[in-house]
Every structure is written in C-alpha cells, then in structure tokens.
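Before any comments, here is the structure.
The values are calculated or read from the model by the stated rules, or taken from the named source; none is laboratory data. In this text the structure is predicted, and so the values were computed from the model without any measurement. Cβ: placed from backbone, ideal geometry, glycine included. Neighbour counts: every protein chain shown. We work out accessible area using only protein heavy atoms, side chains counted, and drop any ligands, DNA or RNA first. Shrake-Rupley method; radii C 1.70, N 1.55, O 1.52, S 1.80 Å.
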Amino acid sequence: MHLSKTNAALIITSALNELLKTLPIAADASFNSYQRQHEPTCLPDTRVSLLEKIYNWADGENSPCIFWLNGLAGTGKSTIARTVARKYFENDQLGASFFFSRGGGDVGLASKFFTTIAMHLARKSQSLQRHIGDALRKNNDIATQSLGDQWRQLVLGPLSQLSGDSLSSYILVIDALDECDNDEDIQTILKLLAEAQELKTVRLRVLLTSRPEVPIRHGFYQMPETEHQDFVLHHISSSVVDHDITLFLKYNLCLIRQKMPSLGANWPSEETVKQLVQIASGLFIWAATACRFIQEVGNVILIRNRLAIILQAGNSIAEHQPEKHLNEIYTTVLKHSIPEGCSNEERILLLNILRDILGPIVTLLSPLSVQSLSRLLRFQSDEVHDHLKDLHAILDIPKDPARLLRLHHPSFRDFLLSKERCNDTNFWVDEKQANKKLAARCIELMSTSLKEDICGVTFPGTLVTDIERSRVEQCLPSEVQYACIYWIQHLQRSNVPPQDDDNVHQFLQKHLLYWLEALSWMQKMSEGILEIISLESIASVTNCPSLYSFIHDIKRFVLYNRVGIEQAPLQVYCSALLFTPVMSIVRKQFKNKIAQWIIRGPEVEANWSATLQTLEGHSGGVYAVAFSPDGKQLASGSWDETV
C-alpha cells in the first residue's frame, strides 16, 4: 500500500504531536489561559509612551535580546505584559508567554518553565515542531534534567536550526520572574536567556517583568548592555502615571454608575477622582482594589458610603507613601468583612475563623477551589463562602465552587504575612504557624482518605495508562492530591523539627504504601521522590534517629522500585515489597502486606489466568519478576510462596 504525501505528512505530524504531549507543561502559564481570561490589558490612551518604547525595542533589528521592565508591587507590570503579549499574539509573533505566580502550583516553579516555552514554540511552525521533536527523541527524559540542558536542547538548539532564508522573529513574554519560587533558578534563567543574543537565523526578543530587587540581587546590571535594555516603571513621571490612573478610575467608576444610574450622571465628581488618584500614589493595584471594594455592595447608599470610607482612610496617611496606602485599603476591606452589631465574643470568633481561612489561602502552594479548600480545612463549603463573601475586592471568588479561588494580586499575600505591614493582629497571619496547620491537615486528610487500590482496579498489573484520568480525579479529589504533593513542603516551611513517633512518623508507618500508590496514579512519583529527599534532609539535622533511619530506607525502597511502581501502582504492595531486602525497615513494617497478597494468590490467579504465566519451578502463577544487573538471571515471585 502506497501512502500519499499528504497522508504521510499527517501521520508524521500526528506522531510529533504525541511525542510533544510527553513534555510536562504549566497549563495556566500562558497570558491567555482560561484561568487568566478576565485579567485586563491596558486601557486605550494609557501607558502610551512606555508601550511604544517596548514595541520599538521588540521590532528593532539591532535591539538587545532582553527588555527588563521592573517596578514596585502594584504598578501595573502584569497588565503591560498582557498588553504586549496580546499585540504580538494577534500579529502571530508571540513565541511563548509564561506568567509566574507564587503559590500557583506549576506556574510558581522553574521546573516546567522551559518545557512550556518549548511546547508553545512548537506550535509556531512545523520546522520548530520537528526540531523540538528530534530533541525529545534523542533525549526522552530531558524534562527531568537541568534547566541549562532543557534550554539548550528544547529552545535554543531548535531555534538555531531554523533556516536563514527569511529571518524569523519571536517574542517571549515572561511576567513576574520574582514570583518564581527559587532564587537560584531565577539566576539560572537569567543567564540562559541572555544566550539568545547568539542566535543568527532567528531574532528572539524576551520581555521580562519583575520587582526591582530581582535585577539588583542577580547582577542583571553587570550584564553587557548589548544583551539587555531596562526600564524602571516607578521612575515614570508622576504626572504621566496620575493621568493613566485617572483614566482607569473614570472607566471603572463609570461602569459602576451604569449599573446604578441613581448615583447620578456627575458621580463621582472630578474633585473626588482627583483625591482618589492622589491616594493611589502611583499604584494601579490600589485603584483596582478600591473600585472592586466600592462596586461589590450593589447598593447606592452603601456605594457612596464605601467611597467616603476610602477617602477618609486615604487622607489620614501622608502623601508619597504608596505601600502604606495599599496596607490601609487592604485593612479597610478586611474590617468591613466583619458584620456590624456583633458582640465582642462574636467578633473575636468571626475574626479567628476568617484568619483560619485566609491563612491557608495565602500560604497554599497551589490554588484550590472553595470546595476543595473547605474539605482540606474541615469547613462546610457554604461556611467558607459566607466568610469570604465581602472580600471580592481582594480575592477572585468564582460563582462555581469547583473553580479555583485566587488572589487578585500577590501584594495581598505580602501584606497579610508581614507583621510590619499588617499591624492589626486580628488579621496578621503567622506564616510558620499557617504552614504547620496545613501540614497537619494534609496528614490528617491523607490518613482518612488514602487506602489500598484506591482506584478499585484489583489487578496488580494494571498500568497507569490503562485508567482514565477522570477515574483518578474521582478517586483522588483535588484536596487529596494537594495533600499528597505538598504536605512535606508545608512541614519544611513550618520550621517544626520532626520527632520520633510524631504524626509524620506514624503516618509513614501506617500509610506510606497508600501514599506511594496515590502518587503513582497521579503521575507525580518524581515530585514524591524529591519530597522524600527533602524530608530526609530535615530529619538528618534533628534528633530523631528512628524516623531518620525509616525515611532513609523509604528513599532506597522508592528509588529501587520506582519504574515498576510508576507504571503499575499496585506493584508497591507485591513485587516492590517482595524484592526488597529482608532487613529493610519498610519490608519489616509492611510484612503483613506480603502475607495478604500471598493469601489472595489463588483467587487472583483464577481471575487472571490468561494474563499470568507459570514459570518452570513454580506450582502457582507468577506475579513479579526482576532481572539481575548483568541481565543473565531472572528472579520470579509466585503465589505458591516461592522465589
């Protein structure tokens, strides 16, 4: 049978697409991801001069490869980045975008940064798709390797192989680099991106945004000027910034007036807008928070009252102190979430509950829905909604309780976790205590939710790829998956040293295998191994010899059996345990599991006789095999209790 060129091309493209799907990516990193669809771009006639400067840099033939836009929190960096990304996306010149977000899960980590960039670039042209596919074929575990290897093999290499017949031009937009969770990774990313200047057959431009301390801390200004151009956002003339904030306030307050015509055609007055601009002190996030705080009440009298409250609070602070103005409006929003007319006891109760909910929200390492957050914290979903209903000004609370709950801006997290900035102790969140509580809740949730064969597949040879993801999601809800992935990180951030026979030790003694099985179904075994190594590191410097020895043995157990467990999760109970050394602490701890599987042997063998084969020397079916390191000998384990 002869294939037409068209059919052959389709088959090749399909194979490439399947190969690219193996790249782990951060799904919400793109500027236009579903989760970011309501985030704004710059209004017309705002940021005019700055945007023109960025566009001239991006389109210039001899421009340096990096444009670094840095500015204080809340000065509008992300909005500018979205505007630039949108323009070049519509011109088909946007190579990729990655919007970092601390506490946002994958988008807060560098591990999926270059793989995500590579995936976006692969969609730009068939040539890039082919070159990136070739790199994956040569090195199929590149995603587990260093950032430098990922960058050079998945991004720089494929770009350098593009034909020089016509000069291609791509823009990368990378927002909030300071939100990347690891300082060393930030430094590495900066050094690697500067290598884009070496490209000859393609023009790559990288727009970076961050807070001002990042370029200073990472030696950005020591880089040659041919490699970068920088712009400090908060150094723009105050008259220009005030003009843009005026337009922003007028636009958003006009939307409120349109919904509430009884406010009057002249609401708010020019003088009021001028006062608001003055209080904003150059911070767009202050203006945005103020507008949301005013509009969320939906009542003319309350709208006027809230506007008056904002003006009064803002005028009590001296001019040119933007952070204090931002602190004040956050405090104002929080205070108004507590109902008036409460007794002192009721007020204290409500404040404690609010802090117990807000603390986890700002310390979560990946966002959860209200539904999942409620189950993690042992609250009723309606109860959480009730306590957050007046905080729409600072929280993005979806109407659908199954959608993710997010902060409108990371500056709220900074505010709530800083005792200096959040000087009302009713609201201040002790970060270490919040992490301690989250670690404890994660352990409790896993202890009550995880079990053997949690997906109900029965057959120990069932592969992860044989099970629909929807079934895994149903058996392991979001909050349970969150607990499995992040409990050790919360423990680490709490600075509470583990002890022999504490809740961590007891959890591992009872539920270790269930946890490993869950990680395998979630396809997060790599993350689990890194967490075990972190836990071993913590235990090594504290006085817990029994726990440390157990964790060290767990690490060896998982690393030795990783391949089998990753492919077939239930192997953690049979082949993994059976072929573990007799003196292993893990084997001793779970020896009853081996006995249970041996007892189940005849029943299992009867059901799977078509699948299990009996090797010579066994009277029963074989459920596990392993080769010797030299490949010359094969060991097999059977239900007849022989090896």
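Remarks
- When residues of segment 52-94 are limited to those that are small (Gly, Ala, Ser) and more than 18 Å from GLU39 (Cβ to Cβ), the one surrounded by the fewest Cβ atoms within 10 Å (Cβ to Cβ): GLY60
- Checklist (1) closer than 27 Å to LEU177 by Cβ; (2) free of Cβ contacts under 8 Å to residues at least 60 places away in the same chain; (3) open to solvent by 40 Å² or more (accessible area, probe 1.4 Å); (4) not hydrophobic (A, V, I, L, M, F, W, C) applied to GLN380, failing item: (1)
- Residues located in segment 265-307, provided they are in a helix (DSSP H, G or I), β-branched (Val, Ile, Thr) and farther than 19 Å from ILE245 by Cβ: VAL300, ILE301, ILE303
- Among helices (runs of 4 or more DSSP H) entirely within segment 73-142, having at least 2 residues that are touching a strand residue (DSSP E or B) at 6+ places or on another chain (Cβ under 9 Å), modelled with pLDDT of 95 or more and among the charged types (D, E, K, R) singles out 77-90.
- Verdict on SER163 being among the small types (Gly, Ala, Ser) and surrounded by fewer than 18 Cβ atoms within 10 Å (Cβ to Cβ): yes
- Each residue in segment 507-532 was checked for being closer than 12 Å to VAL558 by Cα, open to solvent by 60 Å² or more (accessible area, probe 1.4 Å) and over 21 Å from the mean Cα position of the chain (by Cα), and 0 of them qualify.
- Scanning segment 425-463 for residues that are more than 30 Å from GLU566 (Cα to Cα), part of a loop (DSSP other than H, G, I, E, B) and open to solvent by less than 30 Å² (accessible area, probe 1.4 Å) yields PHE427, VAL429.
- The listed residues are SER418, SER411, SER470, and the only one of them that is touching a residue at least 24 places away in the same chain (Cβ under 8 Å) and farther than 24 Å from SER575 by Cα turns out to be SER411.
- Just one of the numbered conditions (1) without any contact (Cβ under 8 Å) to a residue 24 or more places away in the chain; (2) under 28 Å from THR83 (Cα atoms); (3) among the basic types (Lys, Arg) is not true of LYS138: (2).
- In the set (1) out of contact with any Ser or Thr (no Cβ under 8 Å at 6 or more places or on another chain); (2) under 28 Å from LYS432 (Cβ atoms); (3) in contact (Cβ under 8 Å) with a residue 24 or more places away in the chain, the condition left unmet by ILE488 is number (1).
- None of GLY74, GLY60 is of a type in the set (Gly, Ala, Ser) and touching a helix residue (DSSP H, G or I) at 6+ places or on another chain (Cβ under 6 Å) except GLY74.
- Scanning segment 336-359 for residues that are touching a residue at least 40 places away in the same chain (Cβ under 8 Å) and more than 29 Å from the chain's Cα centre (by Cα) yields a count of 1.
- Residue list for segment 172-210, restricted to those being part of a helix (DSSP H, G or I), open to solvent by 40 Å² or more (accessible area, probe 1.4 Å) and under 30 Å from ARG413 (Cα atoms): ASP183, GLU184, ASP185, GLN187, THR188, LYS191
- Among the residues of segment 498-531, those identified as modelled with pLDDT under 95 and part of a helix (DSSP H, G or I) are MET525, SER526, GLU527, GLY528, ILE529, LEU530, GLU531.
- Each residue in segment 254-299 was checked for being surrounded by 17 or more Cβ atoms within 10 Å (Cβ to Cβ) and of a type in the set (Gly, Ala, Ser), and 6 pass.
- Residue match in segment 469-477 (condition: open to solvent by less than 30 Å² (accessible area, probe 1.4 Å), more than 20 Å from ILE357 (Cα to Cα) and small (Gly, Ala, Ser)): no
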